[in-house]
Each structure stands twice: as structure tokens, then as C-alpha cells.
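Peer 1: My structure is below; once you've seen it, I'll send some questions.
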Amino acid sequence: MKVLVLGAGGIGGMVGGRLAQHGCDVTFLVRERRKAQLDLDGLCIESPQGHAKLQVNSILQADASTPPDLVLLTCKAYDLDGAIEAIRPAMGPNTAVLPLLNGIAHMDRLNREFGQTRVLGGTIRMQATLSPTGTIRQLNDWQTLTFGEQDGQTSNRLAAFQSALKPTGIEAKLSTSIMRELWMKLVHLATVASGTCLMRANIGEIARTPTGTHLLNRLLQLNADIASHAGYAPDDAFLEGYRKLFATRDATYEASMLRDLEKGGQVEAEQIVGFMLEQCRAAGKDDALHLAAYTHLKAYEQRRDAGRLPKH
């Protein structure tokens, strides 16, 4: 299977790197600085699942003459516009695009640009980050990639990608209800991102406060109610798993959005928290928690853009 990976950051570098390591035909579409790193040092992975240093193919522009079977889209949600233009030349008539972005709004946009039959749905459970030196660090042993056709059907391209992932150690789960999977990921992410960013603390630090677990559970239930209004009600086992996490006083888990915020970087305020604020209002629910989290992130953006963040 021929795969084009947009970007070679945390998620794209880990998934694309493992595919390349196990013989898949992978090309990374990257910016000049990242290409220089890859050409000089290779793709470097540090992971509990095994370290690797790989020589990989990388390009600065997609070539329309050799369309891949699959484009793996692993950019941040706020970079979607640029990502679409970057991959457009690579999108042949039989090329599928698999976005592993946070949120849901990107699905409608990609459907409009490329047609629903060429857009897969996907979500990944993996914590990985790109260091300033270009090394990709996997932060724990989570590595599950769930993907499927939007209409719930099975297909040869799904089977081919699952087969390509099999030797990598990344768990590949085919879903016949991928839109539900995306909504469940959003319930989780909107809760953890809102809670950890608003409190500027990880789950354990919040749980050790007198009312932190209660606050996180309120956010979780509210997001579950919003998903139910959209037609994707979470089941009890899903909710109970997160209630248990939110009561874990030594948990170090936090949203990647918090890490981005603490580095003074861009955050997916609109695509995650802003989107859920809109959905909360559409569902007729009390928007106070989402409004506070969203305003907090937007105020951070104002301070960041004015250059008034504290120096580390």
C-alpha cells in the first residue's frame, strides 16, 4: 500500500514511521525545516514500544503524477485549510484520505472538498510529541488506531490499511460506526481539554482538590448529553471508565491542548471547546462550563498574540 503522510510530527511520525519500518511504501509531505532534519538525522523515534532511527522518503510538494492509495492527515485541526491545499495534488481518483484530527467539524469540510466516498473517518489513541530536536517521543504505551468508512461498510482499502498496520504493533480497529467513534472521542477530549486547560493542571492534580472530580464529572455528563442530542449517546461503560479516571488522584494524564498552551503555542480552541459550546447551545443545555473554558482559551490567545506570556 502506498501511503502519503502529511507532516512528520508526533502522530504522523509515529504511525508513518512504524509503517515505513515494516516495509510499507511511505512518503512524508513536510515543510523545509522538517525535511532538513529528516535528511540529516533520519526519523528518530523514542518509545516504550521500541526506539527506531529510520531513513525515510520526504517531499516538500505533492506530485500529482503518482497518487498514493491513502493520505494520512495528521495536522492540527487549526491547520486544516493549509493541509487541504497541500494534499490536493496527491488526491487521485482512487486516493482515500484518512484524517486523524481532533473534533468532528473537519469531516464535513473534507467531504465538500474531496467527496464523501474518498474520506474515511479515523481516531487514534496515542500520546506522542515532537521534540525541538526533531525526535518523536511516545509518552505511554497507548497505540490504537480506529478507522472506517463513513457509511459503515467494509472495503478493500480498509482491509489493506489494517494489513499494513498489523506488523507495526499499532492496534488497528475497523469500525462500522466511525462517526459514533468520533463523537465518543470528542466527549472525552472536550471534557479533558476543558478541565485541564481551565485548571492548568493534570487529572490527578485536579482530583486531589476538594471538588475537582465533581467538576470533571459534571463536564463529562454535560458532553455526554450533548452527544446524545446529536444521536450518539455514550454507554454506561464508557462513562464509568472516565469517572474512574477522574477519581484517580495520582493520574498524570492531561490534554495535549494543555501542553500546547503551557508552551505558548496554538490551541484547538475553536475546533474542540468552541464547537462543543455551539453544540451545547443547540442542545438547549446550560453553557456556563463550556463558556468559561472557551473564554479562558480565547483570552490566552489574546495574551499570547500580544507577547505577554511569562518567559520560561
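The values are calculated or read from the model by the stated rules, or taken from the named source; none is laboratory data. Predicted model only: the values in this text are computed from it and were never measured. Cβ coordinates were reconstructed from backbone atoms using ideal geometry, including for glycine residues, and neighbour counts include every protein chain displayed.
Peer 1: Where in segment 200-312 are there helices (runs of 4 or more DSSP H), lying fully within it, with 2 or more residues that are small (Gly, Ala, Ser)?
Peer 2: The helices (runs of 4 or more DSSP H) meeting that bar are 203-207, 212-229, 236-246, 288-305.
Peer 1: I'm trying to understand the selection: among the residues of segment 1-58, which are in contact with a strand residue (DSSP E or B) (Cβ under 7 Å, 6 or more places away or on another chain), among the small types (Gly, Ala, Ser) and without any contact (Cβ under 8 Å) to a residue 24 or more places away in the chain?
Peer 2: The answer is 42, and nothing else.
Peer 1: Identify the residue in segment 125-143 that is over 12 Å from residue 256 (Cβ atoms) and β-branched (Val, Ile, Thr) and, among all such residues, is modelled with the lowest pLDDT.
Peer 2: Result: 133.
Peer 1: Within segment 242-275, which residues are touching an Asp or Glu at 6+ places or on another chain (Cβ under 7 Å) and surrounded by fewer than 17 Cβ atoms within 10 Å (Cβ to Cβ)? Don't jump to the end; show me each part of the working.
Peer 2: As a first pass, look at segment 242-275 and keep what is touching an Asp or Glu at 6+ places or on another chain (Cβ under 7 Å): 257, 266-267, 269.
If the condition is that a residue be touching an Asp or Glu at 6+ places or on another chain (Cβ under 7 Å) and surrounded by fewer than 17 Cβ atoms within 10 Å (Cβ to Cβ), then 266 is the only one that fits.
Peer 1: Does segment 210-227 include one or more residues that are of a type in the set (Val, Ile, Thr), assigned by TED's automatic domain parsing to the domain that holds residue 280 and farther than 15 Å from residue 291 by Cα?
Peer 2: yes
Peer 1: What are the pairs with Cβ atoms under 7 angstrom where one residue, in segment 291-312, is among the aromatic types (Phe, Trp, Tyr) and the other, located anywhere, is at pLDDT 95 or above? Sequence gap at least six, or different chains.
Peer 2: Note: pairs meeting the criteria are 294/269; 294/273; 294/274; 294/277; 300/261.
Peer 1: Does at least one position in segment 159-166 carry a residue that is assigned to a loop (DSSP other than H, G, I, E, B), at pLDDT 95 or above, of a type in the set (S, T, N, Q) and in the same structural domain as residue 35 (by TED's automatic domain parsing)?
Peer 2: The answer is no; no qualifying residue exists.
Peer 1: Can you name the number of the only condition in (1) under 21 Å from residue 239 (Cα atoms); (2) touching a residue at least 24 places away in the same chain (Cβ under 8 Å) that residue 142 fails?
Peer 2: (2)
Residue by residue, here is whether (1) in contact with a Gly (Cβ under 9 Å, 6 or more places away or on another chain); (2) closer than 30 Å to residue 295 by Cα; (3) aromatic (Phe, Trp, Tyr); (4) surrounded by 17 or more Cβ atoms within 10 Å (Cβ to Cβ) holds:
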site	(1), (2), (3), (4)
124	no, yes, no, yes
154	yes, no, no, no
165	no, no, no, yes
186	yes, yes, no, yes
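Peer 1: Go over the candidates 96, 86 one by one and state the one that is within 22 Å of residue 33 (Cβ to Cβ) and either of a type in the set (Asp, Glu) or touching a residue at least 60 places away in the same chain (Cβ under 8 Å) (or both).
Peer 2: Details: 96 fails: within 22 Å of residue 33 (Cβ to Cβ).
So the residue among 96, 86 that is within 22 Å of residue 33 (Cβ to Cβ) and either of a type in the set (Asp, Glu) or touching a residue at least 60 places away in the same chain (Cβ under 8 Å) (or both) is 86.
Peer 1: Out of (1) touching a residue at least 40 places away in the same chain (Cβ under 8 Å); (2) over 23 Å from residue 33 (Cβ atoms); (3) surrounded by fewer than 22 Cβ atoms within 10 Å (Cβ to Cβ), what's the single condition that is false for residue 120?
Peer 2: Tallying (1) touching a residue at least 40 places away in the same chain (Cβ under 8 Å); (2) over 23 Å from residue 33 (Cβ atoms); (3) surrounded by fewer than 22 Cβ atoms within 10 Å (Cβ to Cβ), residue 120 fails exactly one: (3).
Peer 1: Which members of segment 72-96 meet the condition of being under 13 Å from residue 30 (Cα atoms) and among the β-branched types (Val, Ile, Thr)?
Peer 2: Within segment 72-96, 74, 87 qualify.
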